[in-house]
Structures are given as structure tokens and as C-alpha cells.
Amino acid sequence: MKKLISTFVFALTGIVSAFSAEVINVVTDNTQLVMRVKDDGRLYQTYLGERLSPVVELSALDMPRTNVTSSVFRGNEVYPVIGTEDFYDAPFEIRHADGNCSSVLKYVNHRQQPINGGTETVVTLRDEVYPVTVVLHYLAYERENVISQYAEISHQEKGRVYIVRYGSSMLYFEADEYYLTGFSADWAKEMVMSNQQLQFGKKIIDSRLGSRAADFAQPFFELGIGGQVSENHGTVLMGTIAWTGNFRFTFEVDHDNELRVISGINPDASTYLLPRGEVFRTPEFIFTLSQNGVGQGSRNFQRWALNHSLYKADEERMTLLNNWENTHFDFDEPKLAALFGEAKNLGVDLFLLDDGWFGNKYPRSNDRAGLGDWQVTREKLPNGVPYMVKTANESGVEFGIWIEPEMVNPKSELAEKHPDWILRQPNRETYYFRHQLVLDLSNPQVQDHVFGVVDNLMTENPRLKFMKWDCNSPITNIYSHYLKENQGNLYVDYVRGLYKVLDRVQQKYPDLYIMMCSGGGARCDFKALRYFTEFWCSDNTDPVERLFIQWGFSQFMPAKAMCSHVTNWNRRASVKFRVDVCFPYKLGFDIDLKSLSPQDLEYCQMAIREYNRLKPLIYAPDLYRLVSPYDGNHCVMERVSDDRAHALVYAYDIHPRFSEQILPTRLQGLDADAQYEVREILLQPGRKSSLSYDGKTFSGDYLMKIGLKVLSGSDMSSRILELKKM
Ligand code: GLA
């Protein structure tokens, strides 16, 4: 068994002088990627790992691998192609106009320029035989230790040129063991974490769902390099793809136990016709390489998202009352008006009207009809949306509304009027998902229609503050009437069409907040979150299930973006437990408030006041996951402010065993030399904390080395503690 656990990767062709070749460094505070041009004019990865000290003997990075047993050339080329002397999987394949499908990409030049919070490295590669150019971009965010990478592909050939594979990134690792954590999903079962060792051969995590793309596989992974990783230990590559469509991560361990990781759009059924002169920009593959386990990686991602990625990251988020779980499709004006009053009384900022407000010829009274007809149902809401907005505002809350503009029910006026706008096979049986079909967003007319759904609502109701943009169906019948013989472009152009619409929405309505939803959390990527202010993690709002789902999303996502609503799912759990599970994220309510006892309502009102007081801390990037629900019957997390002066501890007992021994939980991320006052907050009305240490002061050192007994050992119970530096 080899004892090599470094992430160094040595190129086989170590004969080139370090001094004659071009060396490109992409660095963050803790991570370094070194690439260099070898004698053959091609670009190779020579190092990816912990940042090296400034004086590096670069030639050392070119040493031949000691453990290579075969004579097969394997150079670790940065953007390898299909059809050369490298025989493993590659991110790039192009079919030239003459049918030749080979290419060799040679280094042309590179430049580096500052970007907000980091440095961008741009490397141009070109084929010397065919006029094909690939420009690689690396955005290195120094403080967050996040690197984002994408490629721009273009050609100047006459005739039809197809790109067959067009990955965003290729990375190489050499270690004796690799462990992969993936995130599988289904409706109401998002972000299920599973871990496996990678051994010889390929492991692929991908999606082919098109629109509701992350329904079965979510676009994230954690890769332990050199061994298993835990929250605080081990080298881990955490990666995601910023793409709201089909994606693919390929992990290939070769015959010498070297690992290649290819990330990008899933090229299946997507051989893409690339017109001459057009630049095909791949989505960004975003990664962090933590030497201190996944906890540090999550903090890197959350900080990066808040500093550089999430839409309106520096703005507030609104607490809300949604009516979906309460009324479903069954509501009218008086019912809603009463709910506005209840929302105000609860103390939330906004009322969100869900599905069921539209359609006249085919009213949307269930999910079988009306989708696509975005006119208010006159029978239900005779005074229209303007009256709803006005009444909500008069009650003292903002108004938001649900839309699902990419979709259509066959039973709708839209489907009758524009059958050619629907993705559907012309010559085969049609398959439905939730009785609906997907509109063809590759078609500019459809893009106008989808934009029009938002535009019409906003024109009529300029005071609309919020939308919930849903997407309940994958593409079930892949055929576009618009694209005709270029069907290979559909999956990609669908997503690009969506982005074009969202660009227009963002430009015209910069004050609008939009929640991304996809039958729960089947859309949850960082590109979409450049347009959406938040996303719905799951339709599953059972608090126990949510602890797991939110644990999964917290690996990558900032709290501010993760919508978490208190509902009546799992009435066996107390209202306090249900609220406390939602409290660490973007808090909302989707519950019949009349079903609550006066004490429970009072608890919710107090929780919202506390939430408003603590928002900056709740949304801070430094999350420490202390006890995993995957490990047993408990879950504990801690959120710490940037200056380490303020922290929250969230502690949940799920189903503890009888007379289980409860040990203190050691905190993390505090200032060891500081003193902290510890107080239990979110106490039920009239109750006092039962904690002996409530209100007492401890040193950070004590809290991190000895800890506090925060768990109670009672079924489905919770405690939230606030720590303040004295
Ligand atoms: C999806 C969403 C729900 C709700 C319904 C409405 O399932 O995830 O929250 O909006 O659609 O039909």
C-alpha cells in the first residue's frame, strides 16, 4: 500500500527544463494550481494542492511519477481532447466540418488581471491545424479559497461544426485513496448524502432531466483525497457546477490510481452545432480545496456565495406567510384578505399567494388545468391581483405571487393557441409529469412569453415585491419544433433561453425578489442564484426530515438563500421544534395559523422578533456543524459572526434512546481568550431555561475544550443558545 497522501500531481514527461517553459500559477490564500507549457507546446497541470511557499523549485514539480507502471503517455493535460495519445476520458471533443474529430490544443498566451476579491487568469489555446480556439478562465477568490473555472470554445471553420463534449474543467489528483460524497434526491428527499470509495474505473454523477434538472442528482460533490474526510479533518475537494440544466461529474481512477475529475454540462443527446465565430461559454465549475475537512469547505463556499455570487447578497430577506399548505387551490378574496391580517398579526414581512390564482377558460382549481394562462381567475378573485396587492399593503404586509412560467397544461388556452411552443415529440406518444409539459425556451417567442408573465404582472402591479418561480416538470419529450434538425442544441439552449429571460427580468425589475422552486429543491445551483434571491429546499417540511435536507444544503449554500417554512407536517413535533428547525435559515410560515394554540402563536411571534434581531448573525457565513443527524439521534450546529463576538448554537434531539447519556458538545470557531455570556433564547411563553448555566459566562477556551450540555434527551426537542462576547 502506498503511503502517498499528497495532492501533488507529477507529469510523466519530466524532461522539460523548468526555466524554458511558461508557468502559470492560480493561487488563493491556501490553494495553488500550477500549470505549465511543455516542449510540445501543450498545457499541463503540474500541481494542485495546498499553497506552496513563495520560493518554489518548479522543476521539482516536473519529476516523473515514481509509481507509474505503464508506458502509456499520460501528461495531465489541462484541457485534453479525444483522439490523441491520451486514452482516458477527456472534457473536449469537436467534430470539424470535414468530419475529422481530432484536435490538439497548443498554448498561445495567457494574462492575469484583478477581479473583485481575486485574480482572473485567462489562457488561450489553439489548434494549429483547424481554426479552433479554447480560452480557459480561472477566477481565483483569494480570501474565500474558491476557484471558479470555465472555457470558451469557438471556431472559424466553414460548414457544420459540432462540439461533442465541452466540459468546464479537468483536474488531476494522485493519492492512495479517494472517497466521494454525492447528493442524491427525489421529490421531498433532497440532498441525501452517501459516501463511497472510488476505485479503478469511472463513477459518474449526472442529470438528464433538462428543466427540473437536479431532481435525482444534485449538482454537488465532496471528494476526500488521501482518505475519508470529516467535518474538521482531511483534504477535500468540494465542487459544484453553476448550470441550471443537465450536468455531469466524471471521476475516473486510472490503472495507476491517478484520479481525473471532469465537470461540466452533460453532453448526452447534446452534440451541439456551433456556428462559426460564436463563442460557446461553458458554465463555471466552482471548487474549494480544504485541508481541514468539509466544515472549512462549507465556510469557504458560504462566504464566497455571499461575497461574490448570490443575487442581492447584501440585501435583507423577507419573512413570509405562504398559503400553499394551508389552502392549496381552495381560496377566494375574503379568505386571502383574512390571511393578510393574520400575516400582519404574526409579524412577517410578506404574504405569498401560491398556485391556483389564474386561468378562466380552464381555471386552475387543481394541477390538471390552467398552467400557461396567466390571467387571474375572475370567479375566484373578481378584483384581480391589483386589489390583492392593495389589500395586503393596507393590512401592513407586502405581497408576493407564485408563477410557473416555463410550463403548460395541455388543458389551457396557451396550449390550444401555440402547440408548436411545447416540447413534444411530433410522432410519438406524449409523456406527462404532473399533467404538464415544458415550453420550448430555445424559441425566442417563448422567451418573450415567459418574460411577459413577469412583465405583465409587474406592469399591472408595480408594488409586487416577490415571486415564487416554480418548475414542476422535467423535459419528458425531448423535441423542439423551433430547432428542427438541430435537436442536439436543445438541452443547452433551453437553459440559455431561461437565462436570457432572467437577465431581462433582472434588468427591468431590479427590486424584485424571486424564490427559485422546483417541486421542492430540484433547482439549486449557483448560476440560478445569480438571478434568484433564495430557493425552496424541499416540499418536505417535516422538521426531522428537514434537519437532514438542510444539513445537506448547508454544505454549500448560505443560510440566506435556503427557504425554510414552518408547516403542519409532523404535528407530533411541537411548534417550537418546528420553528427552531427553520430558524437558522430563511424563515417563513406555511401553516393555518388558526390551528395554533394562543401560546404557540405567541411563540411564533416572538421567534420572528428574535429572527429580525439576529438576522445578520443567522446569515453569517461561518457555520460549524457539530453533531450530524446522520450519526445518530441529535443534530447541533453553531453560527459564528465574523468578529467571533456573537454566536448561536442550534441543538436538536431527534429521537434519543431511553436514558441515553448526553455529553457536552464542544463549540468551535470562538475566540479562546474571550469571555462569552451564554443565554438560552426562544423560550416558550412563560417558561424559564432549565439549563444550569443559562446567563453564565465562560471562556471561549472552556466552551471549545469542555463544551456545554445543550441536548436535552427528549424526543423532538430543541434549544437555541445565544453567545455574546463580554
Ligand atoms: C410545487 C412547490 C410547492 C407548491 C406547489 C404548487 O410542488 O414545490 O411549494 O408551490 O408546486 O402547485
**Asked** If you count the DSSP beta bridges with both ends in the chain, what percent of them are antiparallel, to the nearest 5?
**Response** 85
**Message:** Tell me which of Met388, Ser473, Gln445 sits at the most positive position along the dipole axis of the range 366-481, charges placed on C-beta atoms (Lys, Arg +1; Asp, Glu -1).
**Reply:** Met388
**DSSP-loop trypsin sites (Lys or Arg not before Pro) across the range 578-683, with at most 11 other Cβ within 10 angstrom** = Arg657
**Request:** Work from the charge dipole of the range 237-295 (Cβ charges, +1 for Lys and Arg, -1 for Asp and Glu, about the Cα centre) and give the residue of Ala242, Val294, Val261 farthest towards its positive end.
**Result:** Ala242
**Message:** For a Förster distance of 51 Å, can you work out the FRET efficiency between the beta-carbons of Lys688 and Glu316, rounded to the nearest 0.05?
**Reply:** 0.95
**Asked** At each listed q (0.09, 0.10, 0.12 Å⁻¹), what is the log10 of I(q)/I(0) that the Debye formula gives for the range 324-462 modelled as equal alpha-carbon point scatterers?
**Response** -0.30, -0.37, -0.52
**Asked** Computed FRET efficiency, Cβ-Cβ of Tyr387 and Ala97, R0 56 Å: what is it to the nearest 0.05?
**Response** 0.40
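From Cα pairs below 8 angstrom and at least 6 apart in sequence, can you work out the relative contact order of the chain, rounded to a whole percent?
Over the chain, the number comes to 10 percent.
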**Request:** Classify the range 537-637 as rounded, prolate or oblate, taking a ≥ b ≥ c as the square roots of the eigenvalues of its Cα gyration tensor: rounded when a/c is under 1.5, otherwise prolate if a/b is larger than b/c and oblate if not.
**Result:** oblate
**Asked** Given Leu601, Ala674, Trp374, which one lies farthest toward the positive end of the charge dipole of the chain, if we put +1 on the Cβ of every Lys and Arg and -1 on the Cβ of every Asp and Glu?
**Response** Leu601
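Compute for the range 305-389: radius of gyration divided by Kirkwood radius, i.e. Rg/Rh, restricted to C-alpha atoms, rounded to two decimals.
Values: Rg = 15.5 Å, Rh = 14.5 Å.
My calculation puts Rg/Rh at 1.07.
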**Fill in**
Within the under-13-Å Cβ sphere about Ser168, not counting Ser168, Lys/Arg +1 and Asp/Glu -1 give a net charge of +1
**Asked** Cα gyration tensor of the range 425-545, axes a ≥ b ≥ c as square roots of the eigenvalues: rounded (a/c below 1.5), prolate (a/b > b/c) or oblate?
**Response** oblate
**Fill in**
Residue-normalised 222 nm signal for the chain, counting each DSSP H run of n ≥ 4 as -39,500 (n - 2.57), nearest 500 deg cm²/dmol, is -5500 deg cm²/dmol
**Fill in**
Here the relative contact order (percent) of the range 560-707, from C-alpha pairs under 8 Å and at least 6 apart, is 18
**Prompt:** Just how large is the dipole of the range 501-567 about the Cα centre, in debye to the nearest 20, putting +1 at every Lys and Arg Cβ and -1 at every Asp and Glu Cβ?
**Reply:** 280
**Pairwise FRET efficiency - Ala188 versus Ser595, Cβ, R0 = 22 Å, nearest 0.05** = 0.55
**Asked** Magnitude of the Cβ-charge dipole of the chain, K/R +1 and D/E -1, about the Cα centre, nearest 20 debye?
**Response** 700
**Fill in**
Quick P(r) readout (the range 449-520; Cα-Cα; 10 Å bins; whole %) gives 17, 43, 29, 11, 0
**Prompt:** Roughly to the nearest percent, how much of the accessible area of the range 587-649 is carbon and sulfur, given a 1.4 Å probe?
**Reply:** 49
**Item:** Neighbour cut-off at most 12 other Cβ (10 Å), DSSP loop, trypsin sites (Lys or Arg not before Pro), the range 393-462
**Value:** Arg428
**Message:** Please list, by residue number, every one of the trypsin sites (Lys or Arg not before Pro) in the range 477-575 that is coil in DSSP and has at most 16 other beta-carbon atoms within 10 Å.
**Reply:** Lys484, Arg571, Arg572
**Fill in**
Largest-first semi-axes in Å of the equivalent ellipsoid built from the Cα gyration tensor of the range 661-726 are 21, 15, 9
**Item:** √(5λ) per eigenvalue of the Cα gyration tensor, the chain, largest first, Å
**Value:** 43, 36, 20
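What are the equivalent ellipsoid semi-axes of the range 473-631, built from the alpha-carbon gyration tensor (square roots of five times its eigenvalues), in whole angstrom, biggest first?
After diagonalising the Cα gyration tensor, the semi-axes are 35, 18, 16 Å.
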**Request:** Report the far tail of the P(r) of the range 96-201, meaning the percent of Cα-Cα pairs longer than 21 Å.
**Result:** 59
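The values are calculated or read from the model by the stated rules, or taken from the named source; none is laboratory data. Note that the structure is a prediction, hence the values are computed from the model and not measured. Note that each Cβ is placed from the backbone with ideal geometry, even for glycine, and that neighbours are counted across all protein chains shown. The protein model used for the area step is the full one, side chains on, heavy atoms only, and it has no ligands, DNA or RNA in it. Shrake-Rupley method; radii C 1.70, N 1.55, O 1.52, S 1.80 Å.
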